[in-house]
Every structure is written in structure tokens, then in C-alpha cells.
Amino acid sequence: MKLDVDVLRYLSKDDFRVLTAVEMGMRNHEIVPSELIGRIASLKHGETYKVLKNLLKHKLVHHDSSKYDGFRLTYLGYDFLAIKTMVNRGVFTAVGRQIGVGKESDIFEVASEDGTVMAMKLHRLGRTSFRAVKSKRDYLRHRSSFNWLYLSRLAALKEFAFMKALEEHGFPVPNAVDCNRHCVVMSLIQGYPLVQVKQLQNPDTVFETIIGLVVRLAEHGLIHCDFNEFNIMIDDDEKVTMIDFPQMVSVSHRNAQMYFDRDIECIYKFFGKRFNLSFEEHSDDIDNSEVDPDESSRPSFSSITKTAGFLDKELAASGFTRKDEDEIQKFIEGDVEEDDLSHGEHDSELCQTNIKGFDSLHLNQEEPTSSCNEEDQVDENLQSSEAGQSGDPEGQNSSNEEEDNELKGDEDDTELVKSLAKQRRRAMAQARKGHKNTASRNSYKDKGGKSSNNSKIQKQLSSW
């Protein structure tokens, strides 16, 4: 939808009051009822209907009467609310041409009162080209339902926070000015996207600078996840600037290594094709002593250590949980090694106590009774009871090693094997007898045969 700011001049206070009422109603309504809009706006009787009709003409709201009569806010109406707030704050006073279009946002030029030109980024999640936001971005976190306007607002807040933090730590990023709803205002970079650049005076230097930025981000605990030629700006002096930060995740993310390797691969592939740079690839068969890893190998995720800071913790990046925060606090205090040793000793003590308890239970099991119904259960109980009875009763108070040696010696004895076989046969026979005893004695005769009829006649005669 094209942003026509000329309409903004002719909107009155009542128009913005009704737009704000629709926005407030969409917090818990997909389609805001007309009655609720009138109550929130608190206009005179009939005024709300006239304002909604005017907003509908300029496509700032959308009317839906499928289930009930209601309205919802469009992206154009959301743009007007954000721009009006920025103008009231004095951030800028004019909106210029559109300078960029992406799958998630539109970028426009804006000018402040003193003539400073800046960039305004309007996030527009939900386009047909990129609707799988729930699976590819973590804006929702634990939420199950979502609204595209709300997701755009979350993306803008996240990008503004990352931009401010990276600028404070010396990264080449635009200067974040202000943020409201789904709108982010930043300084305008005087350069070109790297994808539009055909020649470079020092491609090797630019390549090393870009790879160094990826490594620096990882050392600060962050991964860009979309670090390619489309999100890198370069000026006439070949100075590099990073853009587009809503999708950044922490190095503690479960897919952090995949994202890191993908960013590195994009840079290597682009510079190899566009500027014909040759990179030496070494297999695992080559001895590491013959090759300098700093000059010949690619940066690996496993070799990077977070020594420069914890930006993922400060910004609550994706994948950084409270458990990771506790572990970092332990590491800072220097208690990790002591905890590991104590856990190891505790685990060994638990293993020893469990073994002793298992041995005592194994030796004190009783023989199975004759009320067993299945032959498999009888066999298992017999094996456990015979293993317990094979030991010497006088030696039960001795150490565990002597008991294990006695059990091994008894298992090798042939006489013991024969006795075990006899006991197993007896137990199976008793189980079968017990099963037969539980059944009715006249189960076969009482099925309407002659014996049952004769017994009935005899009982009647005896009663007479």
C-alpha cells in the first residue's frame, strides 16, 4: 500500500481520536465493534459514524460485517498514527521519497526542522512474500495468537534496542534516533548496498573487515542471522556499515552455529563470485602444524569465546534463557569448577549407595508363591530368588566383593545348575496346579448336561 502523506494534512483531531480508539480496541478484538469504537472515542452521537466513513474512504480502516459490524486498522492507518506521534515529538517535519523496499519493511526519507535528512523504516510484517514469521522469527516467544500490526511493533522495538546497544559498543551501525509503534527513525547512511557495487579498490581489506564484524558480534554474544550483501552498506571511502537487526539471536541459541556458518558462507560466496577472490580450503587430512589457522581457515563457531561482553543478556536476545544467566553469574564469581567437583563427588556417592541398595534387595528377595499366573513371571522370580539363596547366609554381613566372588563360583557349579532346573520345574507345576484350582470344578459338567439334570432331580426327591 502506497504511503500518501498528503492525506495527513486534512485529518482532524476527531479522525486521529477514532483511529486511536480502533487501535486500543484491537488489543483484544480482531474486528472492533462499532459500538465499542464510539464508547472509546467518546464523541457526540453520530460523529463517530461520520469519522469512520471518512477514514474508510482514505483506506485507513477496513470494514468487516461478516460476523458483526466492526472495523480494523490497516497498515496505512497505523503509519499515520506513528508519523503523527513523531511529528508531535519534533523528530521530523517532512516525509520524502521512498528509498528502499524489503520483504519486511519500507524505508522513506524524512527531514527534521533544521534540514537534517534521516531514514524512516516502517515494518510491514505479513506480506505475501514473507508470511512465515511465526516459524522464522521469535517475536511471538510464548504467545500462540498474533496480529501483524503487533508483530511489526515488536520487530521495530527489537531493532531499535539492538541498534542502540551496538552503537554504544563501537559497531558501525546507523544512529538510532527514535521509535514509535512500527516506525524506527535512524540516521541516513551515505552509501550503497554492497550488492550494487561492481568494483572495489581493496576487496581484500573490505572482506577482512566484514568477516571481522561477524566474529566481533559473536564475541559480544550475538549472531546477525542475515549477514549478506543486501544488509551491508559501503560508501565511497569503502567504509562498511551494518543494517537490519530484528532477526539477531544469541550465541546460546540452539541453531547458533548454523546461523554463524551461514553468515560466513554468504560473505565468502559473494566475494568469490563478484570480486574473484580465491580462498584456500583445507581438508581435515592435512596436518594442522603445516597450516596457519589464522591465515588459511575460516572462522569457526567453536573457536570463538565471549570475551568482549554479554550483549545477548542485556538485550534478552533469542535463545538466552534464565538458566544461561545463572551459569554466567557462576562463571563470573569463579564457582564453576568447584560446583563441577562437588557434583562429581556427589554423583559417585549416589552411585555407590544405589549399588549397595540394589545388592541388598537382590539378596533379600523371597521365593515366588504358587499363585503366579504366567510362566514368564515365575521364571524371573525364580532366577532372582535362586540367586539370593545361592549365597552363604553366614557371609551376608561380609563385604560386597566377597559376595560377588561367591555368586560367581556358585554359578559355575554344575550341581547348582541341576538344582535350579528342578526348582524351576516344581514352581511351574505348582503354578499350573494353582491355576486349575482357581477354576470351577463343575465347569464342564454344568453346561446343561445329564449330570446336572440328575443332581437337580435328586435334590427335589430328597426335599419331598
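Every number in this text was worked out from the coordinates using simple rules, so none of it is lab data. Just so you know, these numbers come straight off a predicted model, no measurement behind them. So basically every Cβ, Gly included, is an ideal-geometry build from the backbone, and we count neighbours across all protein chains shown.
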Debye calc, one equal point scatterer per Cα of the stretch 217-281, no solvent, log10 I(q)/I(0) at q = 0.14, 0.19, 0.23, 0.27 1/Å comes to -0.47, -0.82, -1.05, -1.19
Using a simple spin-label model with points 7 Å from Cα along the Cα→Cβ vector, what separation in nm is obtained for residue 30 and residue 94? 4.4
With a point put 7 Å past each Cα toward its Cβ, work out how far residue 415 is from residue 59 in nm, to one decimal. 10.1
Just flag the GluC sites (Glu not before Pro) in the stretch 79-130 sitting in loop per DSSP whose Cβ has no more than 10 other Cβ atoms within 10 Å. 113
When the dipole is taken about the Cα centre of the stretch 9-87, and only Lys, Arg (+1) and Asp, Glu (-1) are charged at their Cβ, what size is it in debye, to the nearest 20? 220
Using only the Cα atoms, what convex hull volume per residue in Å³ does the stretch 77-124 have? 62
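In what sequence, highest mean first, do 6-13, 159-166, 191-198 appear when ranked by Cβ atoms within 10 angstrom?
Values: 6-13: 11.0, 159-166: 21.0, 191-198: 14.2.
So the peptides 6-13, 159-166, 191-198, ranked by packing, come out 159-166, 191-198, 6-13.
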Could you tell me the ratio Rg/Rh of the stretch 158-201? Both radii from Cα atoms, Rh via Kirkwood. 1.08
With +1 on the Cβ of every Lys and Arg and -1 on the Cβ of every Asp and Glu, and nothing else charged, how large is the dipole of the stretch 223-280 about its Cα centre, in debye rounded to the nearest 20? 300
Once the principal axes of the Cα atoms of the stretch 1-59 are found, what is the range along each, listed largest first in whole angstroms? 29, 25, 15
